[in-house]
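Let me begin by presenting the structure, written as C-alpha cells, before commenting on it.
The values are calculated or read from the model by the stated rules, or taken from the named source; none is laboratory data. Since the structure is predicted, the reported quantities are computational estimates derived from the model, not experimental observations. FYI the Cβ positions are ideal-geometry reconstructions off the backbone, even for glycines, and counts take in every protein chain you see. Heads up: the accessible areas ignore ligands, DNA and RNA and are worked out on the full protein's heavy atoms, side chains in. Shrake-Rupley method; radii C 1.70, N 1.55, O 1.52, S 1.80 Å.
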Amino acid sequence: MANRKLLIINGPNLNLLSVREPGIYGNQSLEEINNAISVYAKGMDINCSFFQSNCEGEIVSALHSVRTDYDGCILNAGAYTHYSYAIYDAIKAIEKPVIEVHLSNVNAREEFRKTSVIAPACVGSISGFGKNSYFLAVNVMKEILK
Ligand code: DQA
C-alpha cells in the first residue's frame with residue numbers, strides 16, 4: 001500500500017483558524033494543522049495535498065479532482081455541511097471514499113449543526129476531537145485503502 005494520495009479539503013471560514021472562536025476551534029492555524037497532518041500521514045506512506053476555499057463551487061471542483069487524481073478525501077465542509085446538496089452530489093459523483101470531519105462536536109452545539117446533508121454520501125463522519133479528527137480520519141482511510 002505505497003504512496004496513497006489524499007486530498008484534505010477545508011471549507012468556509014476554516015482559513016481563520018487560530019483567530020476564529022478559539023474556545024471552540026482551538027489556537028492552531030490551518031497551516032499548522034495541515035503541516036501536522038502531512039507529517040503524520042507520511043509516516044503511513046500517505047501523501048496529503050491540501051485545499052481550502054470559502055466558495056461552494058470551488059469545493060465541488062476540488063471534489064471532482066479527487067475522482068481523477070486521488071485515492072480518497074477528508075472533508076471539513078464547514079457550514080456547507082448543513083445545507084449543500086451540491087457538495088452531497090459531488091461526493092456521490094466521484095466514487096472515491098470521502099470522510100466527513102469536524103473540529104468541534106457538532107451534535108453538542110446549535111440545532112442546525114446536528115443536520116449533515118453530506119453525511120449519507122460519506123463513508124463515515126468524525127467530529128469533536130479538534131485536529132485529532134483529521135488524524136483519526138487519516139488512520140481510517142489507511143484501512144479503507146488497504
Ligand atoms: C465545523 C462545524 C461547522 O458547523 C461550522 O460551520 C464550521 C466548522 C467544525 O469543524 O467544527 O465552520 O465544520
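The fraction of accessible area contributed by carbon and sulfur in the chain is 50 percent, rounded to a whole number (1.4 Å probe; ligands and nucleic acids excluded). Report summary: the helix-based calculation at 222 nm, which adds -39500 (n - 2.57) for every DSSP H run with n ≥ 4 and divides by the residues of the chain, gives -11000 deg cm²/dmol.
Of the trypsin sites (Lys or Arg not before Pro) found in the range 21-125, those that fall in a DSSP loop while having at most 16 other beta-carbon atoms within 10 Å are ARG109. Annotation: amide H-H contacts under 5 Å for HIS102 (H modelled 1.01 Å from N, sequence separation of 5 or more, or interchain): ILE126, SER127, GLY128.
For the range 36-135, GluC sites (Glu not before Pro) are listed when DSSP marks them as loop and at most 15 other Cβ atoms sit within 10 Å of their Cβ; the list is GLU95, GLU110.
Phi-derived couplings, Karplus 6.51 cos²θ - 1.76 cosθ + 1.60 at θ = phi - 60°, listed residue by residue for the range 114-123: 6, 9, 10, 7, 8, 3, x, 8, 8, 6 Hz, with x used for Gly and Pro. Computed with a 1.4 Å probe over protein heavy atoms only, the accessible surface of the range 17-131 comes to 49 Å² per residue.
Shape descriptor for the chain: Rg over Rh equals 0.93 (Cα atoms; Rh from the Kirkwood inverse mean 1/r). Across the range 130-146, computed HN-Hα scalar couplings (Karplus, 6.51 cos²θ - 1.76 cosθ + 1.60, θ = phi - 60°) run x, 5, 5, 4, 5, 4, 4, 5, 4, 4, 5, 4, 4, 5, 4, 8, 4 Hz from first to last residue, x flagging Gly and Pro.
Short-range pairs are left out: with C-alpha atoms under 8 Å and at least six residues apart, the relative contact order of the range 76-133 is 44 percent. Counting every pair of alpha carbons in the range 76-136, the share spaced more than 18 Å apart comes to 29 percent. Note on exposure: LYS131, LYS5 ranked by accessible area (1.4 Å probe, complete protein assembly) read LYS5, LYS131, with the most exposed listed first. Classify the range 37-95 as rounded, prolate or oblate, taking a ≥ b ≥ c as the square roots of the eigenvalues of its Cα gyration tensor: rounded when a/c is under 1.5, otherwise prolate if a/b is larger than b/c and oblate if not. Prolate is the answer for the range 37-95, as a/c is 1.5 or above and a/b outweighs b/c. Coupling constants for the range 90-96 follow from the phi torsions by the Karplus curve (6.51 cos²θ - 1.76 cosθ + 1.60, θ = phi - 60°), and in residue order they are 5, 5, 4, 5, 7, 6, 10 Hz; glycine and proline get x.
Subtracting the Cα-Cα distance of ARG20 and THR68 from their residue separation scaled by 0.36 nm leaves 13.9 nm.
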